[in-house]
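Engineer: Here's a structure for you.
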Amino acid sequence: MTDVTPGPMSEDSHASIVECVPNFSEGIDAQKVRRIVCAMQMDGVHLLDWSLDGDHNRSVVTIAGSPEAVVEAAVRGTVKAAELIDLTQQTGVHPRIGAADVIPFVPVIGVSLVQCVLLARQAGMAIWRRAGVPVYFYEAAAARPDRVNLEDVRRGQFEGLLRDSVRDTMRRPDVGGPELHQTAGASAVGARKFLIAYNIYLKDPNITAARAIARDIRASGGGLFGVKAMGVMANGRAQVSMNITDFHRTPVARVHTAVAEMAERHGAEIAEGEIIGLIPEEAFQPNAEWVRQIHQFDPEQKVLERKLRRPLEWPV
């Protein structure tokens, strides 16, 4: 990990810093999201990024700070989300099982992945105790091998899991339940390495091509290692929505090139890309084509280490 220049998050060279990137199932009502973000404000935690996506009906928040404080901030955000978001009234193209859908803890400085597993377990217990929302552990924090992959945990989404968690013992939560919260569902809490959320739009609204590209490029379909993908309509346009779970083995540049080649085979052409949340400095390639194709990409705003030096003001 690149050393961080002294600043708001790095005055103590021995400080431990963990990142948390909770995803909430609300991307339309900005006031609700603002209230959730405000609930996460506390000493020892810095706000690095937050964004809303109306088509996916989803928001992504990035916070970082001392491990204990970040856990508490994530729990507070989950409690507020459970109060404000009713999944029985929520729709969107992105899969989801909970108001606070996924809550991953990521090691940054002076923290190991194993320690993040312990943080995830701590957060999961607190979420059930304080919000009445049951929890599934995933990725490195998974308590069972069939729950390592998030897509397996989210199979059936909120509606299917609401039914299956009661009927099928194999689908019951790791903490709480077996019934899901009737409006806030369940939360998937995990520990993982850096994940890059990277989307590429197609020039034409060809959802068939977007889905075919997603099928061909994702690892589960024999595509690129560590890539998860789905083809969706977003902002009235076809989009290949991807998560890159190992950018060392599969750099963003390789993903961009592969999508362009696949698009051509399917009679389509790629347009601009977008990064949701932040990327680590190691993944940033200043002169790469994928960077140039992201509208007004500002590394000072999108690179994690740089945001650690200049975090956002908390909303009021």
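Engineer: Roughly how big is the chain's charge dipole about its Cα centre, with Cβ charges of +1 (Lys, Arg) and -1 (Asp, Glu), in debye to the nearest 20?
Structural biologist: 720 debye
Engineer: A further question on this structure: Could you point to the residue in HIS56, LEU150, TYR136 farthest towards the positive end of the range 1-160's charge dipole, with +1 and -1 charges on the Cβ of Lys/Arg and Asp/Glu respectively?
Structural biologist: Farthest along the dipole direction, towards plus: TYR136.
Engineer: Relative contact order for the chain using alpha-carbon pairs under 8 Å, separation at least 6, rounded to a whole percent?
Structural biologist: Relative contact order for the chain comes out at 19 percent.
Engineer: For a test of the definition: using alpha carbon positions, the gyration tensor, and the 1.5 limit on a/c, classify the range 196-309 as rounded, prolate or oblate.
Structural biologist: Prolate shape, in that a/c is at least 1.5 and a/b is the bigger ratio.
Engineer: So how strong a dipole does the range 93-220 carry about its Cα centre when Lys and Arg Cβ are +1 and Asp and Glu Cβ are -1, to the nearest 20 debye?
Structural biologist: My answer is approximately 100 debye.
Engineer: For q = 0.10, 0.16, 0.23 Å⁻¹, what log10 I(q)/I(0) does the range 58-143 give under the Debye formula with an equal point scatterer on each alpha carbon and no solvent?
Structural biologist: So the normalised log intensities are -0.25, -0.63, -1.23.
Engineer: Considering amide H positions built from the backbone, and no H for Pro or chain starts, which residues 5 or more places from GLY190, or on another chain, come under 5 Å of its amide H?
Structural biologist: Placed amide hydrogens put ILE103, PHE105, TYR138 under 5 Å from GLY190.
Engineer: Let me ask something else. Obtain the nm distance between the two label points defined at GLN115 and MET233 by a simple spin-label model: each point lies 7 Å from its Cα along the Cα-to-C-beta direction.
Structural biologist: Each label point is offset 7 Å from its Cα along the Cβ direction, giving 4.7 nm.
Engineer: In the chain, if the dipole is taken from +1 on Lys/Arg beta carbons and -1 on Asp/Glu beta carbons about the Cα centre, which of VAL252, GLN182, PHE297 is farthest to the positive end?
Structural biologist: About the Cα centre, the residue reaching furthest to the positive side is GLN182.
Engineer: Given charges of +1 on the Cβ of Lys and Arg and -1 on the Cβ of Asp and Glu, with all other atoms neutral, how large is the dipole of the range 196-309 about its Cα centre, in debye to the nearest 20?
Structural biologist: Once rounded to the nearest 20, the dipole reads 280 debye.
Engineer: Within a 10 angstrom radius of the beta carbon, how do TRP128, TRP314 rank from fewest other beta carbons to most?
Structural biologist: TRP314, TRP128
Engineer: Given axes a ≥ b ≥ c from the Cα gyration tensor, I'd like to know whether the range 17-191 is rounded (a/c under 1.5), prolate (a/b larger than b/c) or oblate.
Structural biologist: The shape class here is oblate.
Engineer: Provide the per-residue ³J(HN,Hα) series for the range 61-73, in order, calculated from phi with Karplus coefficients 6.51, -1.76, 1.60 and θ = phi - 60°, each as a whole number of Hz, with x at glycine and proline positions.
Structural biologist: Karplus-based 3J(HN,Hα) across the range 61-73 equals 10, 10, 10, 8, x, 5, x, 5, 5, 5, 4, 4, 5 Hz.
Engineer: Out of these labelled values of percent of Cα pairs over 26 Å apart, (1) 61; (2) 45; (3) 57, which was calculated from the coordinates shown here?
Structural biologist: (2)
Engineer: Related question: Which loop trypsin sites (Lys or Arg not before Pro) in the range 248-316, with loop taken from DSSP, have no more than 14 other Cβ atoms within 10 angstrom of their Cβ?
Structural biologist: When the trypsin sites (Lys or Arg not before Pro) of the range 248-316 are filtered for loop state and at most 14 Cβ neighbours within 10 Å, ARG249 remain.
Engineer: Arranged from highest to lowest average of other beta-carbon atoms within 10 Å per residue, in what order do the peptides 215-222, 48-55, 184-191 appear?
Structural biologist: 184-191, 48-55, 215-222
Engineer: With the cut-off at 25 Å, tell me which of the pairs LYS32/LYS228; LYS193/LYS228; LYS228/LYS302 have Cα atoms farther apart than that.
Structural biologist: Distance filter (> 25 Å) returns LYS32/LYS228.
Engineer: Using 0.36 nm per residue, how much length does the chain from LYS203 to ASP168 gain when fully extended, once their Cα-Cα distance is taken away?
Structural biologist: Roughly 8.2 nm would be gained on extension.
Taken together, the values in this text are just the output of simple stated rules run on the coordinates, not laboratory data. Not measured: the values here are computed from a predicted model. Here the Cβ is made from the backbone with ideal geometry for all residues, glycine too, and neighbour counts use every protein chain on show.
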